[in-house]
1. Being outside any helix (DSSP H, G or I), surrounded by fewer than 13 Cβ atoms within 10 Å (Cβ to Cβ) and touching a residue at least 24 places away in the same chain (Cβ under 8 Å): is that true of residue 71 here?
2. Which residues, counting only those in region 52-68, are without any contact (Cβ under 8 Å) to a residue 24 or more places away in the chain and open to solvent by less than 60 Å² (accessible area, probe 1.4 Å)?
3. Among the listed residues 52, 65, which satisfies the condition of being among the aromatic types (Phe, Trp, Tyr) and either modelled with pLDDT under 95 or assigned to a loop (DSSP other than H, G, I, E, B) (or both)?
4. Scan region 8-30 and give yes if some residue there is closer than 24 Å to residue 80 by Cβ, at pLDDT 90 or above and surrounded by 14 or more Cβ atoms within 10 Å (Cβ to Cβ), otherwise no.
5. Over 26 Å from residue 7 (Cβ atoms) and either open to solvent by less than 80 Å² (accessible area, probe 1.4 Å) or out of contact with any Leu (no Cβ under 6 Å at 6 or more places or on another chain) (or both): is that true of residue 77 in this structure?
6. Tell me which of these residue 49 doesn't satisfy, since it passes every other one: (1) closer than 20 Å to residue 10 by Cα; (2) open to solvent by 60 Å² or more (accessible area, probe 1.4 Å).
Amino acid sequence: GAPGPDPADLAALRGYAGDRVADPKLLRRLARVRNPALLIWGEDDAVVPPAFGKAYAAAFADARFEVVPGAGHMPVLQAPGATFDLIDEFLG
């Protein structure tokens, strides 16, 4: 299929969350999180590119950002082995 999200999925998301699914205050609020965080991003994410993940990770007080090669928006489904390896390493 075509890269990126399914148009029907996007329509459902808009129906649920409205046209603005962004939270303009999110980055400021993330700085309050004191627990270590692991952000895992698909290298080929066409919905939310890895650059956004890097920005989110930088906003946390203690975060690690990891990219899963060959995965898109759903790395846990598209590359489960690599994704769970990152989670296991983070938790270990």
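The values are calculated or read from the model by the stated rules, or taken from the named source; none is laboratory data. As the structure is a prediction and not an experimental result, all values here were calculated from the model. Neighbour counts are summed over all protein chains in view; Cβ atoms, including those assigned to glycine, are modelled from backbone coordinates with ideal geometry. These accessible areas exclude ligands, DNA and RNA; they are computed on the full protein's heavy atoms, side chains included. Shrake-Rupley method; radii C 1.70, N 1.55, O 1.52, S 1.80 Å.
1. Here the answer is no, as residue 71 does not meet what is asked.
2. Those that are without any contact (Cβ under 8 Å) to a residue 24 or more places away in the chain and open to solvent by less than 60 Å² (accessible area, probe 1.4 Å): 53, 57.
3. Numbers: 65 fails: either modelled with pLDDT under 95 or assigned to a loop (DSSP other than H, G, I, E, B) (or both).
Step by step, each of 52, 65 is checked, and only 52 is among the aromatic types (Phe, Trp, Tyr) and either modelled with pLDDT under 95 or assigned to a loop (DSSP other than H, G, I, E, B) (or both).
4. no
5. no
6. (2)
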